[in-house]
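Each reported figure results from applying straightforward, stated rules to the coordinates on display, with no laboratory input. Since the structure is predicted, the reported quantities are computational estimates derived from the model, not experimental observations. Glycine also receives a Cβ, built like all others from the backbone with ideal geometry; neighbour counts cover every protein chain displayed.
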Amino acid sequence: MRKLGFELFLLFVFGAMVLNSAPAQQAIPDGQQQFADLGVCKLVNGEQIAGCRLGYRTWGKLNAPRSNAVLFPTWFSGNSANIAGFVGADHSLDPSEYFVIAIDALGNGVSSSPSNSTAQPGPLFPAFTIHDMVNAEYRLATETLGLKHLHAVMGVSMGGMQTFEWMVDYPDFMDQAIPIVGSPRLTGYDLLLWHAEVDAIHSDPAWHNGWYSQRPPLSAVEALHDMNLSTPAHYARTNPPEKFAATYAAYYATGILPFDANDWLSQLEAMIHHDVAHSGSMQDAEGRVKARILVVVAAQDHMVNPQPAEDFAKAIGARVLVLESDCGHISTGCEADKLGQGVRAFLAGQ
């Protein structure tokens, strides 16, 4: 017994020496691309994404009570690197105050998408919804990051749609939510744009029903998209007639590239079917919201009609911030100072 005790003592000492000599684990630098492997993501339509994983980046650190996390899903065709523009001491999210989690939405070419799936490539990739995006993001927050609560969820455009979905599907998981130029459900005008883009994809001779060997630029899709990002007045001011020929030629040369056409289509379809009421009563969906809400709309938005967001805000008594410029949907950039000040004040409880 005494000999066994001495051997255990030596084993303990040796183990401690090994641990002490091992290099310290390096902290993940702010903004570095990371991935969460979720295994199988079950979708609301009964299908599933095999080998499901989400890309994400973080800035800042969790505080001691783990109460300062802000989740920021990406916009249509965007990626988590784009969120860096909202992070900084003079921006919407100060990483010295908040632990910012930017998540690559399904179908953006970073997270599981038609373009990067080996088991379900291209057209074989299952159709997913905004609801599915949010369910996967919830798993990342809880399973990968071990979070039990968020200070806030915020997102722009399709990220704003995800934010509306978050506040309805997981109402107890956040204190605040800030949907920015998003919508709880699309209007007929929005659907006209997105369906026109879908038809433009399908009619492109390089589409090949999604089985292309080289990514097609989809020039008409990009032209339609660009036309609706701002307003006629803004486009005319920033694209004078003498430069139009070069601008239009660029649509044909690059189009949506380097974004993948199947990915573009998958996210388009997710937005087309977006409905936080899940085909039920919008009043019931509004009644589920528990978080404190700031709804940001662009008054002249031609891409995501602001009316449903304004109606939702009125129904739940949310605060509304209106961006007035003729930049339309991209007023978030044209009025970045106004937006940043509004978001910072709201997150601080003002």
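Quick notes
- R0 of 30 Å, Cβ-Cβ distance residue 226-residue 311: FRET efficiency to nearest 0.05: 0.60
- Estimated FRET transfer efficiency when R0 is 30 angstrom, pair residue 97-residue 299 (beta carbons, to 0.05): 0.50
- Extended-chain gain in nm, criterion 0.36 nm per residue less alpha-carbon gap, residue 233 and residue 48: 62.2 nm
- Overall form of segment 227-269 per C-alpha gyration tensor (a/c, 1.5; a/b vs b/c): oblate
- Global geometry of segment 189-269, whether rounded, prolate or oblate, following the gyration tensor of its Cα atoms and the 1.5 cut on a/c: oblate
- Sorted ascending by nearby beta carbons within 10 Å, beginning with the fewest, 92, 325 become 325, 92.
- Computed [θ] at 222 nm, deg cm²/dmol, the chain (DSSP H ≥ 4; -39,500 (n - 2.57); rounded to nearest 500): -11500 deg cm²/dmol
- R0 of 41 Å, Cβ-Cβ distance residue 27-residue 319: FRET efficiency to nearest 0.05: 0.70
- Ranked 71, 323, 294, criterion: other C-beta atoms within 10 Å, fewest first: 294, 323, 71
- Length gained when the stretch residue 40-residue 288 is fully extended (0.36 nm per residue, less Cα-Cα span): 86.5 nm
- Packing-based exposure ordering (other Cβ within 10 Å, fewest first) of 231, 144: 144, 231
- Lysine pairs in the chain whose alpha-carbon atoms fall under 30 angstrom of each other, counting only those eight or more residues apart or on distinct chains, come to 10.
- Longest segment of the chain lacking trypsin sites (Lys or Arg not before Pro) that sit in a DSSP loop with at most 16 other Cβ atoms within 10 Å: 149-289
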